[in-house]
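The values are calculated or read from the model by the stated rules, or taken from the named source; none is laboratory data. Keep in mind that what you see is a predicted model, and the values were worked out from it rather than measured. All Cβ positions, glycine included, derive from the backbone under ideal geometry; neighbour counts span all protein chains shown.
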Amino acid sequence: MNEITCQTLVIGAGPGGYVCAIRAGQLGQDTVIVDAGDLGGTCLNVGCIPSKAMIHAADEFEKLTQFADASPIGISASKPVLNLKKTVAWKDRIVDQLTTGVEGLLKKARVRIVKGHAKFLDGKTVEVEGETKTLIRAQSIVIATGSAPRELPSLPFGKHILSSTEVLALKRLPKSLVVIGGGYIGLELGIALSKLGSKVTVVEAAGALLPAYDKALSGPVVKTCKRLGIEVHTGTMAKSFNASESTLLVEDSDSNEVEIEAEKVLVAIGRRPVTDGLGLDQLVIDMDGEFIKIDQQCQTSMSGVYAIGDVTGDPMLAHRAMAQGEMVAELIAGEPRIWDKTVIPAICFTDPEIVVVGLSPQEAIEQGHAIKTETFPFLANGRAKSMEAEEGFVRIVVREADHLVLGIQAVGRGVSELSAFFGLACEMGARVEDIAQTVHAHPTLGEAVQEVALKTLGHALHI
Amino acid sequence: MGDYVIKLPDVGEGVAEAELVEWLVAEGDVVAEDQPLGAVMTDKANVEIPSPVNGTVKSLGADIGDTVAVGAVLLRLEVDGEGNADDLGSAPEPVDAPAIAKADTPPSKPAPTKPEPQPVSTQKESTPSLVEQGVFTQFRKDGERPLASPSVRRSALERGIDLRLVPGSGPIGQVTHADLDSYSTSPPATGRRPQGVPKLDVREVKVVGMRRKIAERMQQAMSEIPHITIVEEIDVTQLETLRSSLNAKKRDDQTKLTLLPFLMRAIVNGVRAYPEINALYDKSENLLKQFEGVHIGIATQTDRGLIVPVVRHCEALSIWSSAAEVSRVSAAARDGSADRSELSGSTITISSLGKFGGLATTPIINAPEMAIVGVNKMRTQPVWENGMFVPRKVLNLSCSFDHRFIDGWEAAQFIQIMKSQIENPAELFLEPDDE
């Protein structure tokens, strides 16, 4: 058995873990990172990046499909043909480039990479089961084991019942796909497959699609589903799958049972933290439900043991994990750090995209703020019009007393790129005046943000 | 009319210079012969400088706190007749217009008989305050998260500043880097009180006279002497019984007994066993001078600061005469009448703050002595005795020793002798075996 002694051990090489390890290495810590799978974790291999690649391919395909009919912008083309194998191979190359890049960054930071499943023996010792067994002793250990798709007990994952991971690796487009779960993962992939040509049905237990978002923001996405012919069953529970018939039995809110055609089923009901096999029972770690409980410095209940990312609960977002990973590496290096972020932006890469930063009007009111809130539609934005992206709007939420920007949300094509600007405004403690009095380049979608700020002050110019 | 120059006279004690601690006159004041003009300080004594002639103060030659050499010009008077300026060989000052105007002005006010106010000046901070800049300074409501950019938050964390306490100067109370800077130089005493107004005045008090002397001596003692301080608990129940019974029977002409005379006797008996503790270190000769006589300094708080008058030859004093001496020399120190012999020559010192004496102190040795005995406050506390708690009067002694010359063992033994004698007061009065 190999034995390694190091200062910092990171378990899990997803975005939280690898960022933590790189930063630890930069700070001169003798660092080891362990992962049984490919570097980059869910995000790079089977999550954020590959799904965005597939969404891009679907958008391109849809564009050509529209040109084949009659496009208002004077472009016509013949009907496009999809070679999904090639699409997936293209996506895999992107993933390969990025994971290779991560490996290079880790090496540059002099981080040692150990392949295998990590298991705690005690709070300072981890056994890694890979090709060989490795015993790693570390002064500090960071748990960054992430999350995995949650399974429905009645519909275990298999040949036809897929998680997002398998959907992103499909060799052949299914004729029909039922998506169980109308959250962002289900809709991102459902919309993509619908654009590529599958007959998509979405089954959501709650009363509306994207239940985590307010109706104003989810409205344009619902509209897209209609346009694409995506059948939506809300208030509906999935019951069982009939493989021979390729049908999914569901029960609607009136207890009526309905059979839906389903060559494949995507179960996207959420993600669960990955802690199995980690040997947490060897430690005295406090849990928060199924998640690892952490404090404001990502410390677990055991000193010297940290946890970051999805394994610590919501919001399960790569950029949160990365920020936590960076903070923990610096804490271990003795820097004074605390989790003091004002906002964590969240984005749905649906069509159109949704960006949520800070407080929605309702959240602000629930938190006791007297607020002013305004929206500005992309219909009145020149850039949006010129790129056929008139759907959607920007919304701002400000505190009435001093005009502090509490939140900015937007729905519209390409608004994900505005999230950086929304986040900066909130982190800096900007007032709505600060946005209104900043010159925004013309013609850009960002002008809509300045306009919504002006509108809040009672003098929007372009509406 | 002529100028009369007054120079710093030889104030004795072989000093070459003295610190000016007080002006009793100001420019333009009319002074009479023998009227005190000011005071200079040498070692521990203040010396007043009288005017040798009648005249009007023309100019002062030094500021309070200045060190003036003997023979240097202290001030100039304008006098009837010739004056002494020429005699002293210094050219008369050029006569300019204001000087003439002043000379022609009839004497306006009599010389003050009281000293001028202490050299205290008040001025604003040099950087304009936020309030002066017209910037709205806000304090947040309790529990409200401070508004600050990420880099300000990080900087506060790294500088150990609680951001919640920093008033923000941003338009809506955002904390800026500049706010952190001004907070870290002067955190507002008002803390989190909502709408509190930060006070920005800085009072400047010159460190002069006694205070400067005390500061120098403390600094010197602390930096030259490696102190070892031992704190021991002493049961004074028996001694207190004895003391109150003696006080109840005392004659009117006897001074009321405090704890001090008893402690002094314990010191006398302690240093008899450990004479190295009753010694002075002569640095220039690298000699320890052990004294047979025990001259105990009594650290005394006065209006001017800490003074240590001395009770001499404690080994020869009765309890009653010790009490009388302590009372006499400390009174003399307080009213400023103590002479040099009463203010110097101690071989060991007692420091007692009575009921304000705290639980323990780390007294600083009165250099070049070897030890100082700090007396902490007396208190009644339960003591487990014969299967029950009984109330006992106890106090702590905090004694510091010069660890260059006194080892921990000797120091501890010395304290044990004192403890034993005080706890069994009869021992205080046992005559030592003749050797």
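This table checks each residue for (1) modelled with pLDDT under 90; (2) away from chain A (no Cβ under 14 Å).
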position	(1), (2)
B:A156	no, no
B:I161	yes, no
B:P171	yes, no
B:T185	yes, yes
B:V197	yes, yes
B:I230	no, yes
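Answer yes or no: is there a residue in region B:308-322 that is touching a helix residue (DSSP H, G or I) at 6+ places or on another chain (Cβ under 8 Å), surrounded by 14 or more Cβ atoms within 10 Å (Cβ to Cβ) and over 22 Å from B:A266 (Cα atoms). Scanning region B:308-322 turns up no residue that is touching a helix residue (DSSP H, G or I) at 6+ places or on another chain (Cβ under 8 Å), surrounded by 14 or more Cβ atoms within 10 Å (Cβ to Cβ) and over 22 Å from B:A266 (Cα atoms). Just so you know, in region A:229-246 the residues that are more than 23 Å from the chain's Cα centre (by Cα) and within 28 Å of A:D59 (Cα to Cα) include one that is surrounded by the most Cβ atoms within 10 Å (Cβ to Cβ), and it is A:H233.
Would you confirm whether any residue within region A:68-78 is in a helix (DSSP H, G or I) and surrounded by 16 or more Cβ atoms within 10 Å (Cβ to Cβ)? If you could, list the steps in order and put the result at the bottom.
Residues of region A:68-78 in a helix (DSSP H, G or I): A:68.
If we keep only those that are surrounded by 16 or more Cβ atoms within 10 Å (Cβ to Cβ) as well, we get none.
There is no residue in region A:68-78 that is in a helix (DSSP H, G or I) and surrounded by 16 or more Cβ atoms within 10 Å (Cβ to Cβ).
The condition (being more than 17 Å from B:P226 (Cα to Cα) and aromatic (F, W, Y)) is satisfied by just one residue among B:F414, B:F401, B:F405: B:F414.
On the basis of being at pLDDT 95 or above and over 16 Å from the mean Cα position of the chain (by Cα), does A:K171 make the cut? It is false that A:K171 is at pLDDT 95 or above and over 16 Å from the mean Cα position of the chain (by Cα). Quick check, is A:I55 touching a residue at least 24 places away in the same chain (Cβ under 8 Å) and either surrounded by fewer than 22 Cβ atoms within 10 Å (Cβ to Cβ) or in a helix (DSSP H, G or I) (or both)? For A:I55, the condition - touching a residue at least 24 places away in the same chain (Cβ under 8 Å) and either surrounded by fewer than 22 Cβ atoms within 10 Å (Cβ to Cβ) or in a helix (DSSP H, G or I) (or both) - is met. The residues of region A:329-341 that are within 14 Å of another protein chain (Cβ to nearest Cβ) and small (G, A, S), listed by number, are A:A333, A:G334.
Looking at this structure, is A:E400 more than 14 Å from chain B (Cβ to nearest Cβ) and over 30 Å from A:A138 (Cα atoms)? When the stated conditions are applied, A:E400 does not pass them. Does A:F120 count as more than 29 Å from A:I308 (Cβ to Cβ), crowded, with 16+ Cβ neighbours inside 10 Å and either in contact with a Gly (Cβ under 7 Å, 6 or more places away or on another chain) or not charged (D, E, K, R) (or both)? When the stated conditions are applied, A:F120 does not pass them.
With respect to the conditions (1) at pLDDT 90 or above; (2) part of a strand (DSSP E or B), B:V268 lacks only one, and its number is (2). Residues A:I371, A:I338: which one is out of contact with any strand residue (DSSP E or B) (no Cβ under 8 Å at 6 or more places or on another chain) and either under 25 Å from A:D310 (Cα atoms) or among the β-branched types (V, I, T) (or both)? Only one candidate passes the filter, namely A:I338. Within region A:322-361, the residues that satisfy the criterion of being of a type outside the set (A, V, I, L, M, F, W, C) and assigned to a loop (DSSP other than H, G, I, E, B) are A:G334, A:E335, A:P336, A:R337, A:D340, A:K341, A:T342, A:P345, A:T350, A:D351, A:P352, A:S360.
Tell me, yes or no, whether region B:403-417 has at least one residue that is β-branched (V, I, T), within 30 Å of B:V47 (Cβ to Cβ) and in a loop (DSSP other than H, G, I, E, B). Checked against the condition, which is being β-branched (V, I, T), within 30 Å of B:V47 (Cβ to Cβ) and in a loop (DSSP other than H, G, I, E, B), region B:403-417 yields no hits at all. Counting residues in region A:364-375 that are within 14 Å of chain B (Cβ to nearest Cβ), assigned to a loop (DSSP other than H, G, I, E, B), buried (at least 20 other Cβ atoms within 10 Å of the Cβ) and in contact (Cβ under 8 Å) with a residue 12 or more places away in the chain gives zero.
Being assigned to a strand (DSSP E or B), away from every other protein chain (no Cβ under 14 Å) and either touching a strand residue (DSSP E or B) at 6+ places or on another chain (Cβ under 9 Å) or crowded, with 24+ Cβ neighbours inside 10 Å (or both) narrows it down to one residue among A:A389, A:A453, A:A410; which is it?
On the way: A:A389 fails: assigned to a strand (DSSP E or B); A:A453 fails: assigned to a strand (DSSP E or B).
Only one candidate qualifies: A:A410.
Find the residue count for region A:88-112, including only residues that are farther than 29 Å from A:M54 by Cα and crowded, with 17+ Cβ neighbours inside 10 Å. Matching residues across region A:88-112 total 3.
Taking the criterion of being surrounded by fewer than 24 Cβ atoms within 10 Å (Cβ to Cβ), more than 14 Å from chain B (Cβ to nearest Cβ) and outside any helix (DSSP H, G or I), would at least one residue in region A:414-421 satisfy it? The answer is yes, given that some residue of region A:414-421 is surrounded by fewer than 24 Cβ atoms within 10 Å (Cβ to Cβ), more than 14 Å from chain B (Cβ to nearest Cβ) and outside any helix (DSSP H, G or I).
Filter region B:294-324 down to residues that are among the charged types (D, E, K, R) and assigned to a helix (DSSP H, G or I), then give me how many there are.
1
B:P52 falls short of the stated requirement of being in contact with a strand residue (DSSP E or B) (Cβ under 6 Å, 6 or more places away or on another chain) and either within 30 Å of B:L343 (Cα to Cα) or modelled with pLDDT of 85 or more (or both). When B:Q421 is tested against (1) farther than 16 Å from B:V268 by Cβ; (2) surrounded by 15 or more Cβ atoms within 10 Å (Cβ to Cβ); (3) not aliphatic (A, V, I, L, M), only condition (1) is not met. Would you mind telling me which numbered condition in (1) at pLDDT 90 or above; (2) more than 14 Å from chain A (Cβ to nearest Cβ); (3) in contact with a strand residue (DSSP E or B) (Cβ under 8 Å, 6 or more places away or on another chain) B:G209 fails? If we test B:G209 against (1) at pLDDT 90 or above; (2) more than 14 Å from chain A (Cβ to nearest Cβ); (3) in contact with a strand residue (DSSP E or B) (Cβ under 8 Å, 6 or more places away or on another chain), just (1) comes out false. Which residue, of A:S154, A:S147, is surrounded by fewer than 17 Cβ atoms within 10 Å (Cβ to Cβ) and in contact with a Ser or Thr (Cβ under 8 Å, 6 or more places away or on another chain)? Within the list A:S154, A:S147, the selection yields A:S154.
Does A:V405 qualify as being within 16 Å of A:E374 (Cβ to Cβ), more than 27 Å from the chain's Cα centre (by Cα) and within 14 Å of chain B (Cβ to nearest Cβ)? Spelling it out, it is not the case that A:V405 is within 16 Å of A:E374 (Cβ to Cβ), more than 27 Å from the chain's Cα centre (by Cα) and within 14 Å of chain B (Cβ to nearest Cβ).
Filtered by the rule that a residue be within 24 Å of B:A148 (Cβ to Cβ) and under 29 Å from the mean Cα position of the chain (by Cα), region A:427-449 gives A:E427, A:M428, A:G429, A:A430, A:R431, A:V432, A:I435, A:V449.
One line per residue, one yes/no per condition, for (1) modelled with pLDDT of 95 or more; (2) within 14 Å of chain B (Cβ to nearest Cβ); (3) more than 21 Å from the chain's Cα centre (by Cα); (4) buried (at least 22 other Cβ atoms within 10 Å of the Cβ):
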| site | (1), (2), (3), (4) |
| --- | --- |
| A:S301 | no, no, yes, no |
| A:G304 | no, no, yes, no |
| A:V311 | yes, no, no, yes |
| A:L317 | yes, no, no, no |
| A:A321 | yes, no, no, yes |
| A:Q324 | yes, no, no, yes |
| A:M327 | yes, yes, no, yes |
| A:V343 | yes, yes, no, no |
| A:D351 | yes, no, no, yes |
